[in-house]
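Laboratory data are not the source of any read-out in this text; all were calculated from the coordinates shown. Quick caveat: nothing in here was measured; it's all calculated off a predicted structure.
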Amino acid sequence: QVRLVPSGGGSVQPGGSLRLSCKASGIALKFNTVGWYRQAPDKQRELVARIDPDDNTNIADSVKGRFTTSRENDRATVYLHMNNLKPEDTALYFCNIYPGLYDWGQGTQVNVAA
């Protein structure tokens, strides 16, 4: 069974930073395109970043210049680096094999507020 588990969420003030980590069981992340998604209350889930096996990345316009994604293959981990966080970044964040092939799990909550 494939499971992808994000971690690293928390509460920060506007302008702060967080780094989310995504680890998987049952699948090797390094051979797959991994997407980072978020879902705010009463909104649809959206893709914010993805990284392919060659480390090419795509970042959503809404977070471009503030969010980046990277992978560390030795540790089988994909990261979402979030800088200059804004209140509108508050959401439940998920990672999944692009475009969302497996169970979404519980995600990790990010709260940005003064």
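Give me the log10 of I(q) over I(0) for region 1-83 at q = 0.13, 0.22, 0.23 Å⁻¹, as the Debye formula computes it from C-alpha points; what are the numbers? Results for region 1-83 at q = 0.13, 0.22, 0.23 Å⁻¹ read -0.41, -1.13, -1.22. Each DSSP beta bridge with both residues in the chain is either parallel or antiparallel, and the antiparallel ones are about 90%.
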